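Here is the structure we will look at, set down as structure tokens.
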């Protein structure tokens with residue numbers, strides 16, 4: 001147990017600070033995100049991530065948002081387990097036809113007001129998979145999309161920027 | 001893979017002759033391919049099993065009015081490719097799944113995609129097909145258009161007959177396709193008594209994206225791009241397997257430097273995924289310390305991947321004939337330094353895991369896969385190696401650059417979640433050693449061998465040890481340098497089957513940790 005505490009103390013806080021003078025773009029973004037969340041969402045925004053057919057690349061980067069370096073929860077952004085708790089659906093992948101009904105039901109289960117973010121090139125335009133017998137292509141072909149975050153996959157920084165642009169809308 | 005005259009194949013050949021099973025033996029790129037009559041398909045499987053061969057993959061292909069059906073088997077030291085032909089008017093052959101249960105989902109996939117009937121198969125339900133195409137439509141037949149004839153809204157698949165359990169106190173827990181975390185979709189049907197799992201049945205193919213059909217008609221470069229998106233966490237391994245298969249078909253040898261850089265990329269992918277998973281497994285039993293430490297290490301690792309190779313997940317770094325990225329001397333110094341830092345970090349963090357009794361209490365004996373089940377199912381990768389199966393393509397059927405390196409394979413015997421964690425930890429250390437070997441031995445030279453248009457209908461079959469285990473990829477060209485058939489068998493095929501066994505007699509709340517310890521890819525499985 002002592003080793004655990006020693007390592008924890010030695011590691012310290014790795015989260016990239018919001019108010020450093022040499023603030024990188026991410027830090028500046030963080031401040032802005034927090035302000036918008038406070039203003040329009042009473043301090044917190046709940047996101048339900050839905051993989052509608054992705055290769056899992058986007059999920060890996062969405063996961064990274066919760067690592068101690070990005071730690072998006074400090075801006076009041078958190079991921080929830082049910083669409084019924086969500087303000088925002090974060091949808092990845094081209095929509096596999098086998099997932100079409102599931103995605104529609106998830107959308108219906110999300111209370112209003114709600115926003116949909118299409119994450120990644122596949123969700124934006126169908127990407128490498130396009131429209132076929134097995135794929136509906138872009139998320140917008142299935143449910144209304146408010147904003148699109150492109151990238152294959154988008155980096156965590158791009159994801160934070162995307163969330164901000166939603167809130168500024 | 002020059003295994004053509006090896007002992008195990010001779011023994012098998014004698015057995016076939018004793019049973020009067022005529023077979024025509026050819027060699028395709030150093031790999032033995034035996035063609036038999038469709039009627040002998042099952043008898044071959046029986047003999048293969050008596051010779052302790054592992055079932056590797058099964059796939060089919062339409063060539064005008066013929067279906068070519070393939071299966072791949074393996075011994076500890078090499079592969080055997082089995083093939084038969086069927087006329088399109090009479091597309092049926094005996095099922096091998098009665099002998100090799102792992103072949104069942106593959107046969108169901110072939111049934112759904114081609115309409116090839118496997119007689120007496122143990123499970124006649126559909127598998128890859130839900131409701132996006134009709135029962136008598138077969139997407140991989142040449143007359144089926146890529147666009148298909150989908151309805152505006154594809155309905156949910158409600159008529160699938162799950163296995164039922166009845167009795168006092170037995171209840172069912174349906175989970176998915178959309179799960180509670182940030183993970184891929186699939187359906188799990190649990191039968192439980194109290195908290196104990198009596199049975200788990202998986203229903204997958206929710207993320208079926210038609211990858212096999214999409215590959216048809218692609219150029220080699222575009223195929224690598226697609227292969228890199230079969231499973232986002234295995235982008236290097238799948239593109240490598242596709243490249244190797246195509247390079248075999250075209251008769252191209254890649255430059256040594258390119259092989260080393262591919263090896264470096266692949267080992268980086270292995271480390272990144274293991275780091276993420278070790279943390280996540282611990283997190284699934286509430287041990288946040290490990291999650292924080294390992295996700296921090298993974299993030300640093302990915303940032304270095306981005307700064308040196310230009311992509312956090314290393315997508316699209318491979319091209320047919322070689323690689324797109326080079327390493328400068330400064331890059332090599334930076335990567336060597338990075339290895340030192342990682343090793344030091346792990347030396348501090350891992351003892352904190354090892355000596356933690358509450359973590360031990362949750363991971364030991366949880367999610368047990370016995371060595372005999374692992375062998376029967378022919379499981380691969382760390383799941384197999386945590387259950388005593390000592391196999392690794394990099395060492396046993398080696399390829400460049402691994403044939404020039406000293407490969408150590410981590411094996412554990414206990415078969416529980418803790419074993420899988422330990423195998424992964426050991427694999428991280430082994431990969432650190434491999435990376436440092438490759439960085440010091442990195443040969444000078446070109447990055448790409450110029451692509452040569454392969455001969456009409458040339459084929460390639462390649463195996464690569466991805467981070468999850470053995471990937472098998474088949475490629476056949478048509479004329480004009482275009483792909484006519486592409487099939488990739490992800491190790492998740494076995495991972496999902498193993499998972500159904502692993503969770504038995506565990507409690508429902510331990511499903512996430514069991515699942516994470518295996519971490520099969522839905523996308524890789526569903527294609």
- Check off (1) under 29 Å from residue B:515 (Cβ atoms); (2) more than 7 Å from chain A (Cβ to nearest Cβ) for residue B:177 and give me the number that stays unchecked. (2)
- Message: Give me the residue from the range A:7-22 that is surrounded by 13 or more Cβ atoms within 10 Å (Cβ to Cβ) and modelled with pLDDT of 75 or more and, out of that set, nearest to residue A:66 (Cα to Cα).
- Response: A:15
- Message: For the condition at pLDDT 90 or above, under 15 Å from residue B:70 (Cβ atoms) and either outside any helix (DSSP H, G or I) or in contact with a strand residue (DSSP E or B) (Cβ under 9 Å, 6 or more places away or on another chain) (or both), what is the one hit in B:35, B:26?
- Response: B:35
- Message: Can you name every one of the helices (runs of 4 or more DSSP H) wholly within the range B:204-296 that holds 1 or more residues which are away from every other protein chain (no Cβ under 14 Å)?
- Response: B:220-227, B:235-250, B:256-283
- Task: Would you be able to tell me the number of residues in the range B:145-162 that are in contact (Cβ under 8 Å) with a residue 40 or more places away in the chain and under 14 Å from residue A:133 (Cα atoms)?
- Result: 1
- Item | Tally of residues being more than 20 Å from residue A:98 (Cα to Cα) and in a strand (DSSP E or B) across the range A:41-62 | 3
- Item | Condition check for residue A:139: modelled with pLDDT of 90 or more, facing another protein chain (nearest Cβ under 10 Å) and within 25 Å of residue B:233 (Cβ to Cβ) | no
- Message: Of everything in the range B:324-375, what is part of a loop (DSSP other than H, G, I, E, B) and within 14 Å of another protein chain (Cβ to nearest Cβ)? Give them in sequence order.
- Response: B:355, B:356
- Picked from the range A:65-75 (must be assigned to a loop (DSSP other than H, G, I, E, B) and more than 25 Å from residue A:138 (Cβ to Cβ)), the residue farthest from the other protein chains (Cβ to nearest Cβ) is A:71
- Query: Is it true that some residue in the range B:243-262 is touching a strand residue (DSSP E or B) at 6+ places or on another chain (Cβ under 9 Å), modelled with pLDDT of 95 or more and under 30 Å from residue B:503 (Cβ atoms)?
  - Reply: no
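Here is a yes/no grid of residues against (1) facing another protein chain (nearest Cβ under 8 Å); (2) assigned to a loop (DSSP other than H, G, I, E, B); (3) within 30 Å of residue B:191 (Cα to Cα):
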| residue | (1), (2), (3) |
| --- | --- |
| B:144 | yes, yes, no |
| B:153 | yes, yes, no |
| B:157 | yes, yes, yes |
| B:172 | no, no, yes |
- Message: Here is a list: B:488, B:462. Which entry is within 14 Å of chain A (Cβ to nearest Cβ) and at pLDDT 95 or above?
- Response: B:488
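The values are calculated or read from the model by the stated rules, or taken from the named source; none is laboratory data. Keep in mind the model is a prediction, meaning the values are calculated, not measured. Cβ: placed from backbone, ideal geometry, glycine included. Neighbour counts: every protein chain shown.
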